[in-house]
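The values are calculated or read from the model by the stated rules, or taken from the named source; none is laboratory data. Computed from a prediction, not measured in an experiment: that's the story for all the values here. Counting neighbours? That spans all protein chains shown, and the Cβs are built from the backbone with ideal geometry, glycine included.
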């Protein structure tokens, strides 16, 4: 039953256009409200069915692609502690896996996500949101130029699978700190 629920959720997201080969910056849909004549318990279960939560309101997560032992993602440049000017050229490295575009399902492969100044890691069992702090490289890019304001910034890389879901275990770089000069 659980696996069928996962598959129906994924099929529903794909049919509804929420999962596409590119990245989306749209907000997720609002949870359904209680319809006239509907009981609160029924509304709660309906909400759980549509948001992929169990009846206690805890996220159930989505299936995750497996990462091979020893896979690692890292920054080629800049290095931790570097002082740079904006725009900053950032190069990504990956060992033990292959870089492929989002939407391309392939074993031992994924695409980069750059985490900028994040205080807390995102959920590892749901697609990563596209925000100013979580930048997607769904085209399979391994380098970018990034405009950053002057000051100190933290950067971290996280590999996502064909659906932007981090692997199990997550392929996550060390956090580096850079200073952007004025």
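Here are the numbers:
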read-out: Residue tally, condition over 22 Å from residue 160 (Cβ atoms) and part of a strand (DSSP E or B), over region 74-88; value: 2
read-out: In region 107-120, the residues that are part of a loop (DSSP other than H, G, I, E, B) and either surrounded by fewer than 13 Cβ atoms within 10 Å (Cβ to Cβ) or touching a residue at least 60 places away in the same chain (Cβ under 8 Å) (or both); value: 107, 119, 120
read-out: Exclusive hit being in the same structural domain as residue 80 (by TED's automatic domain parsing), surrounded by fewer than 15 Cβ atoms within 10 Å (Cβ to Cβ) and touching a residue at least 40 places away in the same chain (Cβ under 8 Å), set 152, 131, 144; value: 131
read-out: Complete set of residues in region 150-182 that are more than 26 Å from residue 67 (Cα to Cα) and out of contact with any strand residue (DSSP E or B) (no Cβ under 7 Å at 6 or more places or on another chain); value: 182
read-out: Flag if residue 156 is within 16 Å of residue 76 (Cα to Cα) and part of a loop (DSSP other than H, G, I, E, B); value: no
